[in-house]
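> Encoded as structure tokens, here's the structure I'll be asking about.
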4 protein chains.
Amino acid sequence: MASNNKTHQNIVDASYKLFSEYGFDKTSLSMIAAEVGITKPAIYYHFASKEALIDYLFEDSFKDYHFEAYFTIDEFTSINFQEMLIENGLRILLLEDEDDSVMRILNEFLLTITRNENYHKRLLQMQEDFLNGFSELLEKGVTLGVVSPMNITARAHVLAMVFDNISSYMLMGLKLDYRLIWIEAVNNAIR
Amino acid sequence: MASNNKTHQNIVDASYKLFSEYGFDKTSLSMIAAEVGITKPAIYYHFASKEALIDYLFEDSFKDYHFEAYFTIDEFTSINFQEMLIENGLRILLLEDEDDSVMRILNEFLLTITRNENYHKRLLQMQEDFLNGFSELLEKGVTLGVVSPMNITARAHVLAMVFDNISSYMLMGLKLDYRLIWIEAVNNAIR
Amino acid sequence: MASNNKTHQNIVDASYKLFSEYGFDKTSLSMIAAEVGITKPAIYYHFASKEALIDYLFEDSFKDYHFEAYFTIDEFTSINFQEMLIENGLRILLLEDEDDSVMRILNEFLLTITRNENYHKRLLQMQEDFLNGFSELLEKGVTLGVVSPMNITARAHVLAMVFDNISSYMLMGLKLDYRLIWIEAVNNAIR
Amino acid sequence: MASNNKTHQNIVDASYKLFSEYGFDKTSLSMIAAEVGITKPAIYYHFASKEALIDYLFEDSFKDYHFEAYFTIDEFTSINFQEMLIENGLRILLLEDEDDSVMRILNEFLLTITRNENYHKRLLQMQEDFLNGFSELLEKGVTLGVVSPMNITARAHVLAMVFDNISSYMLMGLKLDYRLIWIEAVNNAIR
DNA sequence: GATGAATGAGCATTCATTCAT
DNA sequence: GATGAATGAATGCTCATTCAT
């Protein structure tokens, strides 16, 4: 699909940086070309259009954002269940160290999504991946006898919402004790 | 300050509609003028600039979005605490009936915010208003003897996150049992 | 011709100030209205158009700029001729103290003039008024026996040019010994 | 720096023509584009902005307007001094044949200058170049024993003013015997 | 693989002017 | 005498895109 050429990657990198800083609309191909150090038409050699470039970033940025990347469900046992759930979830905090770019652009997509069919479906799937992931996980907990079977779907969803919002709040710069929040949420979920 | 003129309101209405549909950047003043049925310069008679128009919408759309508009803390008693917390919170579901515009534009601001100092501060304050609101509420619950005093801050924050995300998920079109989710979250919080 | 109303004069004053500072094109009626503290359409009550306002200023600002306002030819005698010519001419230096506005706007007209038939004629007349004035003056000097008759036209023109340029150079901010320059020019002219 | 492209020069030529005819403000980029036969954005390929285009013309039009372009001081001797001064100075009359554009635009700058720091300095320098040039020239005349040493600065300045005004008056369309005027001025200066 | 040159479409903004009140 | 509201026309500028080289 993509030419595995250096310029190609430079364009992608510059795009992440600029799109996340200024948004899709306020970032022009000129800006990207300037950042890369090439001319505008050169971008067209690598991407058919601005939209195609954005599409590429969409695929690229979400390819690792799925439930199993965070929660390794197979490793959960009746003994380590609570601990695993807490530790796995706290991986989300690592985003803080990471480059803001991916988070910001992810958010950019979230907005674009409400208007763009293409992305909308894909994002709903992702969101549901997490909702289902937490549901399955809790169900496994029930099977293992470490999670109460009552309202597990609702509890899984609460968990998913908290997990989701931790990254949002971090992105916005709110300084909260996310660690404690997550632990509290987990404890409620498996209680 | 605002002319109490009909055109003024028409511009505001059209702006809500178009901005929420296409976003700030992709909505031009021409589009707004066309929607209202006036000429572009007429907008400038009512708003100094596109930015000023957006600012106006910002103030306008957030003026009723604060904790006390949802949670009437004074009416909470030891007897009705749980029930009130649940019922008050479920008001968020009413957004579903309401015009999407306000929600969408609210989201638009959320994105714009990461890049715009002006809005950023204001939104953080709003977010903190809710975080603090839930904290105070739970503290009152502790005083009333209906809420466990353990980790109340973390629990308040979990509650705030769930509350916050319910509107986001609704906006995205996810069909979940928000009622049950909220009840579950409340029960965990006051347990 | 003009309504002898206060607002009328305020508009004229504001126009002098703003036109001289920003030029005709870059000064809008809005700016003038704002400076006066009235609304734009109010200007139209006093002046039919922007052009009419400028015309008015043109007439107004040049009405006192003619040779006889500086050189009182009748008072020149064989005894005081040189002294009078010097002293009268030095009046031009007083412009320095005066508000820059008039000089600046005069210059603005000078430019506009090359493009506008209306003003062009009028300004040529003014220029010629000075050229002729100096010629007559020197001729009188010849009659009085205090000025050499050779090339008096050319010498009058030299004098006019120096006189003219003194104001230009002052306007531009050049710091020269204009006094000495004028005396030198006069001495050459009547030698 | 400048693309050695034909269009570039066409833009410059059209700009000279139109700016000198209508002034900077009343000449729009559309007009220039139409005159050249290209589209507006094409101008932006060659000049970053309207201001940048004007700057370019400023540099371009003044690059040959300095004292030494008219007066070849080294060739002045005690024998040819008067003759050289006259002949060299009369070169200014050649401007008459030349395209008005340059003179007109030069005048346009003169006005712009009173408001624009950038140009102001540069023009003052040019003016001073001539003032100093004439001073040096007369000083050389003194050294050569062909010019009286009295008030040479004032006399040099008178000369500069006459020289300067000859072009202005020609531009305005005044028909004078500039030849005789200049000769007279020179004779007075070296007398 | 990439550039120079150019274009069509569009945008936010400003301005002189008008007119009913 | 003056204002509120609006307009038509224009302006400088930007952008995504194209295409011959």
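> Let me know the charge dipole size of segment B:88-191 about its Cα centre in debye, to the nearest 20, where only the beta-carbon of Lys, Arg (+1) and Asp, Glu (-1) is charged.
Rounded to the nearest 20 debye, it is 300 debye.
> I would also like to ask the following. Under 13 Å from a point 7 Å along the Cα-to-Cβ line of D:GLU35: which residues of segment D:48-64 have their amide N that close?
Within reach of a label on D:GLU35: D:54, D:57.
> Could you state how much accessible area B:LEU110 has, in square angstrom rounded to the nearest 10, with a 1.4 Å probe and all protein chains kept in place?
Estimated to the nearest 10 Å², B:LEU110 gives 50 Å².
> Averaged over its residues, how many other protein chain Cβ atoms are within 10 Å of peptide C:182-191's Cβ atoms?
Mean partner shielding for this stretch: 4.
> Still on this structure, please answer the following. What does the net charge come to around A:PHE67 if you take all other residues with beta carbon closer than 10 Å to its beta carbon, with K and R at +1 and D and E at -1? All intermediate terms of the calculation are to be shown ahead of the outcome.
Numbers: positive: none; negative: A:GLU68, A:GLU128, A:ASP129, A:GLU136.
Net charge around A:PHE67: -4.
> Report C:LEU90's accessible area, 1.4 Å probe, all protein chains in place, as a number in Å² to the nearest 10.
20 Å²
> OK, next. Taking the 0 to 90 degree range and rounding to the nearest ten, how far is the long axis of helix D:100-113 tilted relative to the main principal axis of chain D, both from C-alpha atoms?
The answer is roughly 90 degrees.
> A further question follows. Using Cα pairs under 8 angstrom and six or more residues apart, how large is the relative contact order of segment D:6-50, in percent?
Normalised by residue count, the contact order of segment D:6-50 is 37 percent.
> Right, next: Please give the per residue accessible area of segment B:30-180, computed with a probe of 1.4 Å over protein heavy atoms only, in Å².
That works out to 48 Å² per residue.
> Using a cut-off of 10 Å between beta-carbons, work out the net charge of the residues near B:PHE24 (Lys and Arg +1, Asp and Glu -1, B:PHE24 not included). Mind showing how you got there, number by number?
Numbers: positive: A:LYS26, B:LYS26, B:LYS50; negative: A:ASP25, B:ASP25, B:GLU51, B:GLU108.
Residues near B:PHE24 contribute -1 overall.
> Tell me the label-point distance for the pair B:GLN125, C:ILE79, using the 7 Å Cα-to-Cβ offset, in nm and rounded to one decimal.
In this crude label model, B:GLN125 to C:ILE79 measures out at 8.4 nm.
> Which whole number gives the average, over all residues in B:33-40, of C-beta atoms from other chains lying within 10 Å of the residue C-beta? Let's see the in-between values first.
Values: counts 0, 0, 0, 0, 0, 0, 0, 0.
Average per residue, whole number: 0.
> Turning to a different aspect of this structure: Whole Å is fine, so just give me how far the alpha carbon centre of segment D:1-71 lies from that of segment B:167-184.
62 Å
> About the Cα centre, and with charges only on the beta carbon of Lys, Arg (+1) and Asp, Glu (-1), how big is the dipole of the protein assembly as shown? Nearest 20 debye, please. Walk me through the numbers on the way to the answer.
Details: 64 positive and 112 negative charges, 100 e Å.
It works out to roughly 480 debye.
> Once the Cβ-Cβ distance between B:LEU144 and B:MET172 is put in as r, and R0 is 45 Å, what FRET efficiency do you end up with, to the nearest 0.05?
Once the sixth-power term is evaluated, E becomes 0.80.
> Tally Lys/Arg at +1 and Asp/Glu at -1 over every other residue whose Cβ is under 10 Å from the Cβ of A:ALA156; what's the total?
Values: positive: A:ARG155; negative: A:GLU136, A:GLU139, B:GLU184.
With Lys, Arg at +1 and Asp, Glu at -1, the net is -2.
> Distance check, please: which entries in A:LYS40/D:LYS40; A:LYS40/A:LYS121; A:LYS50/B:LYS50; C:LYS121/D:LYS121; D:LYS6/D:LYS50; C:LYS6/C:LYS50 exceed 22 angstrom between their Cα atoms?
From A:LYS40/D:LYS40; A:LYS40/A:LYS121; A:LYS50/B:LYS50; C:LYS121/D:LYS121; D:LYS6/D:LYS50; C:LYS6/C:LYS50, over 22 Å: A:LYS40/A:LYS121; A:LYS50/B:LYS50; C:LYS121/D:LYS121.
> Okay, moving on. Using Cα-Cα distances under 8 Å and only pairs 6 or more residues apart, what relative contact order does chain D have, in percent?
Computed over chain D, the figure is 22 percent.
> Which trypsin sites (Lys or Arg not before Pro) in segment A:131-176 sit in a loop by DSSP (not H, G, I, E or B) and have at most 13 other Cβ atoms within 10 Å of their own Cβ?
A:LYS175
> If DNA, RNA and ligands are ignored and the probe is 1.4 Å, what is the ranking of D:THR143, C:THR72 by accessible area, most exposed first?
D:THR143, C:THR72
> Treating only the Cβ atoms of Lys and Arg (+1) and Asp and Glu (-1) as charged, compute the dipole magnitude of chain C about its Cα centre; round to the nearest 20 debye.
The calculated dipole for chain C is roughly 400 debye.
> Continuing with the same structure: Could you look at chain C and say what percent of its accessible area is carbon and sulfur, using a 1.4 Å probe and all protein chains?
Answer for chain C is 50 percent, counting heavy atoms of protein chains only.
> D plus C alone minus the pair: what accessible area, both sides summed, probe 1.4 Å, in Å² to 100?
Buried surface at the D/C interface: approximately 3900 Å².
> D for segment A:64-190, whole µm²/s, Stokes-Einstein with Kirkwood Rh over alpha-carbon pairs at 25 °C and 0.890 mPa s: what number?
After rounding, the answer is 161 µm²/s.
> Got a sec? Charge dipole of chain B, +1 on Cβ for Lys and Arg, -1 for Asp and Glu; which of B:ILE113, B:SER168, B:TYR70 is way out at the positive end?
Going by the charge dipole, the pick is B:ILE113.
> For segment D:116-191, which GluC sites (Glu not before Pro) are in a loop by DSSP, counting at most 14 other Cβ atoms within 10 Å?
The qualifying sites: there are none.
> Run lengths n ≥ 4 of DSSP H only: what is the helix-derived mean residue ellipticity at 222 nm for chain B, with -39500 (n - 2.57) per run over all residues, to the nearest 500?
The per-residue figure over chain B is -23000 deg cm²/dmol.
The values are calculated or read from the model by the stated rules, or taken from the named source; none is laboratory data. Just so we're clear, the structure is a prediction, and the values are computed from it rather than from any experiment. So basically every Cβ, Gly included, is an ideal-geometry build from the backbone, and we count neighbours across all protein chains shown. The accessibility values were calculated without ligands, DNA or RNA, using every heavy atom of the protein model including side chains. Shrake-Rupley method; radii C 1.70, N 1.55, O 1.52, S 1.80 Å.
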